[in-house]
Amino acid sequence: MGKQLQKELLAEFFGTFILILFGDGVVAMVVLLQLGSYETITWCWGLAVVFGIYVSAKSSGAHLNPAVSLAL
């Protein structure tokens, strides 16, 4: 496996990891601690997408979907 492919796969992994970490984390916070509302969830999911794209865009194009990354 080439170094460029490894770099792209690692970038996609971290981008997807950040997306799921922030997105699921805010849902857990709202449900378990009853802090915030649906607006908190929507804003934080949007920020999670932005952070995930910011992390992986330069290396791999920021698909944030491992299936798309492997298919391409």
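Report note on the peptides 28-41, 45-58: ranked by the mean count of other C-beta atoms within 10 Å, highest first, their order is 45-58, 28-41.
In this structure the chain gives 73 Å² per residue of accessible area when probed at 1.4 Å with all protein chains present. For the Cα atoms of the chain, what angle does the longest principal axis make with the long axis of helix 38-60, in degrees from 0 to 90, nearest 10? In the chain, helix 38-60 runs at an angle near 10 degrees to the longest axis.
Note on the chain: Cα Rg divided by 2.2 N^0.38 Å, N the number of residues, gives 1.27. The helix-based estimate of mean residue ellipticity at 222 nm for the chain, built from -39,500 (n - 2.57) per DSSP H run of four or more residues and divided by its residue count, is -28500 deg cm²/dmol to the nearest 500. Once the Cα-Cα distance is subtracted from the 0.36 nm per residue extended length, the ASP24 to TRP45 segment shows a gain of 6.7 nm. Per the 1.4 Å probe, what fraction of the accessible area of the chain, in percent, lies on carbon and sulfur atoms? Here carbon and sulfur together make up 72 percent of the probe-accessible area.
Computed with a 1.4 Å probe over protein heavy atoms only, the accessible area of LEU21 comes to about 100 Å².
In this label model, PHE17 and ALA67 are separated by 2.3 nm, measuring between points 7 Å along each Cα→Cβ vector.
The values are calculated or read from the model by the stated rules, or taken from the named source; none is laboratory data. A quick note: this is a predicted structure, and the numbers were derived from the prediction, not measured. Note that we place each Cβ from the backbone using ideal geometry, even for glycine, and neighbour counts take in every protein chain shown. SASA here: full protein model, heavy atoms, side chains in, ligands and nucleic acids out. Shrake-Rupley method; radii C 1.70, N 1.55, O 1.52, S 1.80 Å.
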